[in-house]
Structures are given as structure tokens and as C-alpha cells.
Amino acid sequence: MTKKNILLVEPGYPNKYPPLGLMKIAAYHGPFGRDDNLRFVKGVTPDVLSAVWDRVYVTTLFSFEWKRTSDAIDFALRAVRGQAERVFVGGIAATLMFDEFRREPRWAGVRFIKGLLDQPAGLSLQLSAQDGDFGADDISGTPIEELVPDYSILGDIEYTYPVRDAYFGYASRGCVRKCSFCGVPKLEGAQREMPPITSLVEGVDEQFGPKKDLILMDNNVAASARYQEVVAEIRDIGFEHGATFEKPGSAAVKRRVDFNQGVDARILSKTPMYLKEMATICIDPLRIAFDHVGMRRVYERSVEMAAEYGLTSLSNYMLYNFMDAPSDLYQRMMINIELNERLGVRIWSFPMRYLPVNMKDRSHVGKHWNRYFLRSFQIMLQATHGVVSGSDQFFNRAFGRSYDEFERLLALPHAFIFQRDFYESGDGRTVLDEYLALERRLTHSQKTELIGLLSETLVRRPRRDAFQALVTDQSVSLLIRQLARFHAIDTKAAKVTDIAEVFPELTPDHLLPEPDALVEDAGLYEPLDVTVDRIPLKDLSASSANAQ
């Protein structure tokens, strides 16, 4: 059999986990499969254009990464010299926006694959012998979805995935829920069981050597009919409570099991069995979703039972910008602070900004939020690496001691949020004081008007011109225009580094979780794009300071 040249392309966005779909396709084509010639690239990599590629696979992830994904598909077409039928595009965005991808005229002829590759390759990839597709006769082999991922391709690129020394897999696919904000029903369908995890672990061990951690990406493992069997299997393969891992020449380190999509509190709270079983494996952290404040009772009960069984390293996902309001989000964050104090646990909150699963950018604003508050909260989270700490001292400093204080922080100029210490106790204090003196004179309706105008300014380009237009707009009250000058201050006007200098009195923050326990947040690291030259305060006459 003549070897084929296969190119695997992941768009150039930053992401925490390696592309599992491409790793399984590599397994199909690689030395343990068809034994084709493989090359994996991340982003546009011109040096591969000189080769002749028989097939190019492009993976997709978040829909809002439409631009980078488009670049990757265009690059793939260049790699095959315009022979679009050689390009296969699949993954999350390709499934959720299948029709949108197919409607793009420049991608006519590209093979867009919807859903999982859960059938033999010839069927999953919709190959045709009549069209001369190699592999079309594979209609009875092991589905690509069930193959042992090929870790070797990760050495083809310089990019380092934050989580890599781990077995990546599923004990189950799909979900019993049909939450309106979630794309899983469309991506994976109804809940169903996957082959035993043992076969995955043994396959990885044999081909690539043992891994330290076990990352299971089930969407609702607690709903699995095999839940207790799954937990028992996890113990049996070396991930029991307290398990350690030692590589030759290295000290032993703790192993970690992570159901990284979270566990359903509505199921956990029904019976102690779920958490009693979970406590027998080295899960760290236990992630529980807390999507809206209406889940408070089942969420609190789940955390209480976790504490009873010694599960004290907890994490939870908090959806926001959906049907909630900022007050709902703050209340949920405070519930965790109270649980920490009452139960002696440590809960890390990871607020996850809702974005429609078929939207090409991050511009969605929930009906109870506004664009300015979303950007303010994003800045707060970037300073804390996306984490809402379980420490009440840290929480109060970062997010406020009450909802009123939280809302006041959300309304501040972004430079004041990003450079909190510089403006509160450093050289910028006089600027902050001047702003606060003006801000105290705003009426409630003027505060609402200011936030609305700032939200509009955030979407206009170029940003400096947008602020200049606002502060010189005679139809806007002078007081609002004076305050708008402060919102035009560059967030990087002083040195900006990380949380250690934003909140210096709390560092080193030994309470922050390890980097591999952080989450991949669809909206957190959106480029802030707020760097504008400061509009001098003198542009508006101080002699008019009393004007309203």
C-alpha cells in the first residue's frame, strides 16, 4: 500500500488541551494504523506548502474563533493547491455551524464533517470509492473516535499545551440534559457509554509510555448507568485516593483525576453514593456546575456531602451573561465564600461567560448585562487568572464586600481596575480621587447613561477617536464628558504584570490552584483592545466643574 501524505492542522488560537480529534485521526493514519506520512501544524505554517498533501484535516473549536479557523481552512486549501476535495474540516465549530461553513463560497468542495467520528473511517469521513477516495473501503474497522490518541504528533510543534502529561478520554458521551445554553446535545446527542477506560490507558502506556493524570471529558458522568463501574475502573488503573506517579529519575508526585466538564449537582444531591464513590479516587479538583442561583439548594447539598467524605478541593463553573444579572453572579460567588467558611473546604470559582455556540465573535451581551460591565469583569478575572479565590480576604479585595461595591468596581474606568494598586495607593491616587469627586455627583439616571455611552464606545474603532468624540459631544452633559476622560486612560499607562503586582498585599497567593487545575474559558482571554492614548484632563475646562 502506497503511503499517503497527511497534514493535520489546528488553528492558531491558544488552548489548554491538545486536539484530541486530530490525535485520533493521527492514530488512524499513523504507524499503528495505515502507516501514512504525518505532519501536524498549529496555525499557518508556510514551510509545509512545498510538499504534496494527499489529505488535510482541519479541526475546529470555539465558534468565536471564526477568523483563525477561517485562516486555517484557507491555508489548508493552499496546501492542496486548491483541490478542495482533499480538505476535511470537523470538530465543535464545524458541527455547530455546519451550514454556515458550507455556505462560504471560497470553501466550495471542502468536506465538512458533522458530529463525532463514531463509525468506521469510510463512513464517518463520508468517503467514496467512486470518487477515488482512499480508505473508502474501511466500513467495518474500529471507529476513529475509539482509537488510542497519537501523542507523538505533539512533538511536531513548538506550542506547549498547559495540560499534556495525561490520559485524555471519555467514560461516556452525550448528556441526559438539554440545557438551552449548551451545544452538547447537537454535538454528541443522548448519553451513552464508551469503551472501558482501561483499554485507553493500556494503549497509551504501550505506545507512548504512562501518563501522570487522567482527564475525562464526560459531559455528565454522574448520569452514566455505569457510574460505579467507571469509578472502580479508575481505581483499578492506578488512580485511587492518594495515588502517586513516579518517572525514572524523578521524585514521586501526586496523581490527579479531573472530570473537566464538571459534575451535575442535581444528580449528586440525590444520594451520598455519588460522592462517597468519588472520594475513593484521586480527584482534584471536584468540579460542580453552578449555572444559576436557582440551583443553590442542590449545589450546597452537593458541596456539604463532598465535605463529609473528605473532598475539600472543589471547583465550580459559574455561567454568566446568559439569563442572569450581575447580582445573580455575585450572589453565587458569595455562596462559595460562605461554604468555605462553614465547611472548611476550598472552592475555586471559574465564571464562564456565555457566548452563543454559533456566534462568530465574542460580542454577545446578555439582556441583564451591558458591554462595559462584561469588559470590567473580564479585566478582574484576567488579573486573577480566571479564578475567584475561596479566600474571603482575597475575594473582598478583588470583587467587593457587597453587591453595591461589586457594581461600583464594574463601573470604574478600566485602568483603575487593571492597575488597582497604582491608583488606590500609588502615584495614581490623585487621579482616582479626582474621578471619585466627580462620580459622586452623578444621579442614578446619569450613571446609567454613562455606562450606556461607554458600552457603545467599546465597539467603535478606532478607540481613541471614539473617546474623543464622546468627550466633545455637546449633546452629552459636561459632567458625563468629564468622567469619560478617565475611561480613556490607557490600561497599560503604568506597569502591568500579573496578580502579584495588582494585589501586592496578598502575595504570594498560596491559595491559588495549580495551573493545570485552571480552566479553558471561552471568553476570558479575549484581547482587551483598550490601549488608547489618554485624553488630557485639561481638554475640558476645570472652571466648568460645577456644570451638570
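The values are calculated or read from the model by the stated rules, or taken from the named source; none is laboratory data. Every value quoted in this text rests on a predicted model; they were computed, and no experiment measured them. Reconstructed Cβ throughout: ideal geometry from the backbone, glycine too, with neighbour counts over all protein chains shown. Calculation scope for accessible area: heavy atoms of the full protein, side chains included, ligands and nucleic acids excluded. Shrake-Rupley method; radii C 1.70, N 1.55, O 1.52, S 1.80 Å.
List of remarks:
- Per residue, in Å², the accessible surface of the chain once ligands and nucleic acids are set aside, probe 1.4 Å: 43
- Region 28-173, accessible surface, carbon-and-sulfur percent (1.4 angstrom probe): 48
- Accessible surface of region 208-335, 1.4 Å probe, proportion on carbon and sulfur as whole %: 50
- Accessible surface of region 428-487, 1.4 Å probe, proportion on carbon and sulfur as whole %: 54
- Here the dipole of the chain is about 1300 debye; that uses its Cα centre as origin and unit charges on the Cβ of Lys and Arg (positive) and Asp and Glu (negative).
- Dipole orientation for the chain: of the candidates Leu268, Val56, Met352, Met352 has the Cα lying most toward the positive pole (charges on Cβ; Lys, Arg +1; Asp, Glu -1).
- Values of log10 I(q)/I(0) for region 176-262 across q = 0.15, 0.21 Å⁻¹ run -0.67, -1.09, by the Debye formula with one identical scatterer at each alpha carbon and no solvent.
- Using alpha-carbon coordinates, inclination of helix 227-236 to the longest axis of the chain, degrees: 80
- Above-threshold pairs, the threshold being 18 Å between Cα atoms, out of Lys24/Lys247; Lys24/Lys114; Lys211/Lys254; Lys42/Lys67: Lys24/Lys247
- Derived scalar couplings between HN and Hα for region 182-187 equal 10, x, 4, x, 6, 6 Hz in order, rounded to whole Hz, by the Karplus curve 6.51 cos²θ - 1.76 cosθ + 1.60 (θ = phi - 60°), x for Gly and Pro.
- Dipole check for region 56-146: with +1 at the C-beta of Lys and Arg, -1 at the C-beta of Asp and Glu, and the Cα centre as origin, the magnitude is about 480 Debye.
- Full-stretch length increase - Arg226, Glu146 - with 0.36 nm per residue and alpha-carbon distance subtracted: 27.0 nm
- Residues Lys447 and Asp118, FRET efficiency given R0 of 60 Å [Cβ-Cβ distance, rounded to 0.05]: 0.70
- Amide H contacts under 5 Å for Ala289: Val263, Ala265, Tyr317, restricted to partners 5 or more places along the chain or on a different chain, H placed in the peptide plane at 1.01 Å from N.
- Given charges at beta-carbon only (K, R positive; D, E negative), |dipole| of region 128-205 in Debye: 740
- Residue by residue, region 252-267 carries 3J(HN,Hα) couplings of 5, 10, 5, 8, 9, 9, 9, 7, 6, 9, x, 10, 7, 5, 5, 8 Hz when phi is fed to the Karplus relation 6.51 cos²θ - 1.76 cosθ + 1.60 (θ = phi - 60°); x denotes Gly or Pro.
- Pair Arg102, Ser327: separation of 7 Å Cα→Cβ label points (nm): 4.6
- Potential extension, Arg408-Val459 segment - 0.36 nm per residue separation minus Cα distance: 16.2 nm
- Taking every C-alpha pair closer than 8 Å and separated by at least 6 residues, the mean separation divided by the residue count of region 21-130 gives a relative contact order of 20 percent.
- Computed with a 1.4 Å probe on the full set of protein chains, the accessible area for Cys182 sits at about 50 Å².
- Ordering 471-477, 274-280 by mean Cβ neighbour count within 10 Å, with the highest value first, yields 274-280, 471-477.
- The Cα atoms of region 430-497 define a convex hull whose projected area, averaged across directions, is 5.3 nm².
- Over region 364-437, the alpha carbon radius of gyration divided by the compact-protein estimate 2.2 N^0.38 Å works out to 1.12.
- Region 445-466 versus region 181-252: alpha-carbon centroid distance in Å: 48
- Under the simplified labelling scheme, the Ser250-Asp71 pair shows an inter-label distance of 3.2 nm, with each label point 7 Å from Cα along Cα→Cβ.
- Fraction in percent of alpha-carbon pairs per bin - 5 Å, region 117-221: 2, 11, 16, 16, 18, 18, 13, 5, 1, 0
- Ordered by 1.4 Å accessible area with all protein chains kept, Phe418, Phe486 run largest first as Phe418, Phe486.
- Ranking by accessible area, most exposed first, for Asp150, Asp421 with a 1.4 Å probe: Asp421, Asp150
- FRET E, pair Lys276, Thr472, Förster distance 56 Å, beta-carbon r, rounded to 0.05: 0.30
- Listed peptides 154-161, 120-127 by packing density, highest first (mean Cβ within 10 Å): 120-127, 154-161
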